[in-house]
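Here is the structure we will look at, set down as structure tokens.
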Amino acid sequence: MKNLIIDSIDSWNIKKQEKLIIAGPCSAESYEQVMETAEELSKFNVNILRAGIWKPRTRPNSFEGVGKPGLKWLKEAGEKFNMPVTVEVANSGHIKEALDSKIDILWIGARTTVNPFTVQEIADSLKGVDIPVMIKNPVNPDIDLWIGAIERLNQAGIKKIAVIHRGFSSFKQCEYRNIPEWELIVELRRRIPELPIICDPSHICGNRELLLSVSQIAMDLLYDGLMIESHINPDTALSDASQQLTPKNLKKLLDNLQLKREYIKDKDFHIEIEKIREQIDAIDYKIIGLLAERKKLSENIGKKKKLKKVSIFQPERWNAIAESRISTGKKYNLSEEFILKLFSKIHQESIGIQRKK
Ligand code: PEP
Ligand code: MN
């Protein structure tokens, strides 16, 4: 993307392996909790220690973070166990306190990214400061709003930027606390290839059971790192208890992850892959050709409906299309979800085409 200047994570000068691992409690709760968690995390490859100090909570009167004293605990833990530390900031006051306490890295939470006024306030108060900033996705799946936040920070001179994918809230009930919408991240990577992307499986999952599979998807999609909540005694946590892992279980999860590489040196592998890709390309062009034929038919039917003053949208016809395509898809082992998504798009397009007639 034009006009963005984003440095790689290597410029942050952080000791790390292939992937950046950020871990720590959802919230700093007490001096002991922060120190004990940090000590355990420092025993394996955690590169950055996280803790929320000011907590954005859905309802009032729940634990809203320990505030300023937590900054001191976190910094002390980071220095003692040799880890840079990061906190969430949501306004210029937080930034002043975080910078005064020499916090190494800042992150912007999902409820803040969504608000351009607040993001601009944060950007303005970071002018002239050289600090890495990680920007969580906005709560709603709006890629431009997310990119807008990156631009605001970048225009204020922040070049050490990464994004954190923590999923998107939805009214729909599903297995995730926040739906990942992986395709949005694929699109973000297409638009800003140099942007480091970190996955936060904790807030995507909302529980411990799904953490490994979501983290593995992130590795398969070549994310640059993970931010995972870890608490010395998760069941007693004052926020997000059900999704936090003990440091020991976090280590197990990291040991079980398979890292994937974008490229390998293996001639035979590349030859085989190329052959398959040629076939995939040929099929894709066929699909486009068929869609063009379908478009002509939509135009034709659109004209006829217009002439007779018949509505473009025909609910019964659409129900029949959805049902029959889903059941045919099933015969070929294509999931209902995929076929419905695909044909909804095709049907929507057809309605648009007919409207123009
Ligand atoms: C958090 O990281 O604890 C947090 C509040 O995250 P989010 O902004 O993703 O909800
Ligand atoms: Mn949390």
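The values are calculated or read from the model by the stated rules, or taken from the named source; none is laboratory data. Note that this is a predicted model, so its numbers are computed, not measured. Cβ sites come from the backbone with ideal geometry, for glycine too, and all protein chains shown count toward neighbours. Keep in mind that these areas ignore ligands, DNA and RNA; they rest on the heavy atoms of the full protein, side chains included. Shrake-Rupley method; radii C 1.70, N 1.55, O 1.52, S 1.80 Å.
Here are a few things to note about the model shown:
- Exactly one residue among PRO247, PRO196, PRO201 is within 16 Å of ligand 1 (Cβ to nearest atom), modelled with pLDDT of 95 or more and not hydrophobic (A, V, I, L, M, F, W, C), and that residue is PRO201.
- The sole residue among SER230, SER169 that is within 13 Å of ligand 1 (Cβ to nearest atom), free of Cβ contacts under 8 Å to residues at least 60 places away in the same chain and among the polar types (S, T, N, Q) is SER169.
- One residue stands out in the range 16-32 among those that are over 22 Å from TYR223 (Cα atoms) and within 15 Å of ligand 1 (Cβ to nearest atom): the one that is most open to solvent (accessible area, probe 1.4 Å), namely GLU29.
- Residues satisfying the criterion are absent from the range 267-274 (criterion: at pLDDT 95 or above, aliphatic (A, V, I, L, M) and not in a helix (DSSP H, G or I)).
Yes or no, residue by residue, for (1) of a type in the set (A, V, I, L, M); (2) out of contact with any strand residue (DSSP E or B) (no Cβ under 9 Å at 6 or more places or on another chain):
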| residue | (1), (2) |
| --- | --- |
| ILE198 | yes, no |
| ASN207 | no, yes |
| ASN233 | no, yes |
| GLN244 | no, no |
| LYS252 | no, no |
| ASN256 | no, yes |
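- Members of the range 110-136 that are buried (at least 23 other Cβ atoms within 10 Å of the Cβ) and in contact (Cβ under 8 Å) with a residue 40 or more places away in the chain: ALA110, THR112, PRO132, MET134, LYS136
- Inclusion of LYS68 among residues that are open to solvent by less than 80 Å² (accessible area, probe 1.4 Å) and more than 19 Å from LYS136 (Cβ to Cβ) is not warranted.
- Helices (runs of 4 or more DSSP H) wholly inside the range 83-140 that include at least 2 residues being touching a strand residue (DSSP E or B) at 6+ places or on another chain (Cβ under 8 Å), under 15 Å from ILE53 (Cβ atoms) and not acidic (Asp, Glu): 92-100
- Hits in the range 45-65 - residues which are part of a loop (DSSP other than H, G, I, E, B) and open to solvent by less than 30 Å² (accessible area, probe 1.4 Å): VAL46, ASN47, ALA51, ILE53, LYS55, GLY65
- Index of the failed condition, ILE228 passing every other in (1) open to solvent by less than 40 Å² (accessible area, probe 1.4 Å); (2) on the phi > 0 side of the Ramachandran plot; (3) not aromatic (Phe, Trp, Tyr): (2)
- Within the set LYS275, LYS309, the sole residue that is more than 28 Å from the chain's Cα centre (by Cα) and on the phi > 0 side of the Ramachandran plot turns out to be LYS309.
- Taken over the range 233-242, the criterion of being within 12 Å of ligand 1 (Cβ to nearest atom) and open to solvent by 60 Å² or more (accessible area, probe 1.4 Å) is satisfied by LEU238 alone.
- The range 39-50 residues that are more than 16 Å from THR86 (Cβ to Cβ), paired with ones that are within 16 Å of ligand 1 (Cβ to nearest atom) (beta carbon under 6 Å, 6 or more apart): ASN45/ILE21
- Residue count for the range 181-202, restricted to those that are within 16 Å of ligand 2 (Cβ to nearest atom) and either among the basic types (Lys, Arg) or touching a Gly at 6+ places or on another chain (Cβ under 7 Å) (or both): 1
- If only residues of the range 45-59 that are farther than 13 Å from GLY24 by Cα and not basic (Lys, Arg) are counted, the one that is nearest to ligand 1 (Cβ to nearest atom) is PRO56.
- All of (1) of a type in the set (Gly, Ala, Ser); (2) open to solvent by 50 Å² or more (accessible area, probe 1.4 Å); (3) within 16 Å of ligand 1 (Cβ to nearest atom) hold for ALA282 with one exception: (3).
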